[in-house]
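The values are calculated or read from the model by the stated rules, or taken from the named source; none is laboratory data. Note that this is a predicted model, so its numbers are computed, not measured. Note: ideal-geometry Cβ built from the backbone for every residue, glycine included; neighbour counts use all protein chains shown.
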Amino acid sequence: KQRLDVLGLYPRSGDGWTEPFVKYTAELALKHISENTNLLNDYQIVIDWKNTQCDGGIALKQFIDALGKNQNQTYLVVFGAGCSVATSQVAVISYRYGLVQIAFASTAPNPGNNVLYPRFVRGVPSDLKAVPARARFIQQNNWKRVAIINEQDPIFVSSSHYMENVLDLLNVDYKVEDITLDGTVPLEQQVSILANNLRGYRIIIANMYEDAAIKLFCYLYKQKEKYLLPNIATWLFLGWFTDQWHDKQGVLVEVGCTAEQIATASNGALGFLVVHSKKHFMGQTNNNQVTIANRTTAELYQEYKELILERINNDTVRFDREFDVHDAYVYDSIWTLALAMQNASDEGFNLTEISQKQNLEDTNIFSKNSEFSSAVYNGMLYQNFIGWTGNVRFSGYERLNPQVQILEFVDGNLVYRGDCENIPYFDDFTEDSINSIMCSLDETFTYWNKETATDEINNMYTSEAIVALGVLLSLCIFA
Ligand SMILES: NCCCC(=O)O
């Protein structure tokens, strides 16, 4: 069979978000694709995997090295790169080599900019949908003043801009603080300034990767006044931290905390995960619909687990964690990629011939305007099939109709606690569309307590009002 080469970029390891099972999930999808006699019959998709370590610079180097070194290999598509920091670095140039890039996990809003990234598709919904969900949660709890802490990177700052607009719309006061891990200012110093600036704030919207969260919690934990920690303040993270996110030894050694301290410090924080339905992905919804792979989701999940357990025997990665929803998106993104290549072939593109050319910038086939990349790109966007994650359909550049799940941080794991439903279809969020969201929580909290959080804030307002009144009275008396 003729090889169809794909460059696979994923965060197998690293300090930020990691997902070591991407490669195995893709293997499962390719196995099922090869069983389908109507799909790429004379071809075999081969993925050349590189570990980006959730780092933009490493991802870019991997991309350039792969295209430069593999003179006999022509990549037809880029699959990845997992973390949005890595994905956006690659997507800003991959199209110039005539490459369509499909992401399976990059959820930050900014890679969706189709002027900057014109051949980028994502097989996963974006964190943008967590903006109205978190805002609605704040509104439902009647909280009027919040802090936003962003890790300084466009991928988090873009989320924050949307959030600031929505908070303006809902008349919620907010203060934005940034932290950077670029070494320009020691983080310990930044955290101490931040803690001072946020004295009195009890609701914190946090946009950051795992390493930033570990460092931030470590320094807050070491401080004498721990008023910003989640046992007093309510933290609203994005919900894609993997289980055991707090146990990254390199980062812990750097800041001088233990994994147990971080787990304790973060207990009770909440995460908002944009996802179609984790229960469905795990075959727990009695949905017997047969997917494109001729299997139900329950059967896919079972086969996935068996394959991972088999592969893990020969691997160093650990399995003691919850199922990562992104693996289901990996699976469907591989199908999307294969179906799009089949579409291009049906439209008359000779995949064998194209596979034997090289990825050179601005040649006829491999240019940013190449007809082949255009056919593959459109082939992806117009897909409509039943996959592991449900009905795989795209709106613009990403998956349609996700919901948002609320998770609680419990001993370093993220545990399901509720849902926000009726997430707006369009991203120009209005007061009405936010009001129609309904966030509900089950009653099984371990650490986070809605009443305590709200009482704390009310008490704080009361004590602030008393202090202000006292100051006013003293001024009147002295006058
Ligand atoms: N969504 C999980 C990976 C985080 C990111 O987009 O970088």
Given the structure, is residue 63 touching a residue at least 12 places away in the same chain (Cβ under 8 Å), of a type in the set (Phe, Trp, Tyr) and within 15 Å of the ligand (Cβ to nearest atom)?
no
Can you spot a residue in the stretch 105-125 that is more than 30 Å from residue 67 (Cβ to Cβ), among the charged types (D, E, K, R) and part of a loop (DSSP other than H, G, I, E, B)?
no
Selection from the stretch 403-424 of residues buried (at least 22 other Cβ atoms within 10 Å of the Cβ) and assigned to a loop (DSSP other than H, G, I, E, B) yields 423
Candidates 104, 137 - the one that is away from the ligand (no atom under 16 Å from the Cβ) and more than 25 Å from residue 356 (Cα to Cα):
137
How many of the residues making up the stretch 113-132 are more than 15 Å from the ligand (Cβ to nearest atom), buried (at least 24 other Cβ atoms within 10 Å of the Cβ) and under 19 Å from residue 162 (Cα atoms)?
1
Residues located in the stretch 136-154, provided they are over 22 Å from residue 418 (Cα atoms) and polar (S, T, N, Q):
150, 152
State which residue pairs qualify: first residue within 12 Å of the ligand (Cβ to nearest atom) and inside the stretch 15-26, second residue among the hydroxyl-bearing types (Ser, Thr, Tyr) and not in a loop (DSSP other than H, G, I, E, B) in any location, beta carbons under 6 Å apart, and separation of 6 or more residues or different chains.
22/10
Checking residue 157 against (1) assigned to a helix (DSSP H, G or I); (2) under 24 Å from residue 423 (Cα atoms); (3) in contact with a helix residue (DSSP H, G or I) (Cβ under 7 Å, 6 or more places away or on another chain); (4) at pLDDT below 95: exactly one of these is not met. Which one?
(3)
Complete set of residues in the stretch 79-101 that are more than 16 Å from the ligand (Cβ to nearest atom) and touching a residue at least 60 places away in the same chain (Cβ under 8 Å)
95, 96, 97, 98, 99, 100
Of all residues in the stretch 210-237 being closer than 23 Å to residue 142 by Cβ and of a type in the set (A, V, I, L, M, F, W, C), which is nearest to the ligand (Cβ to nearest atom)?
237
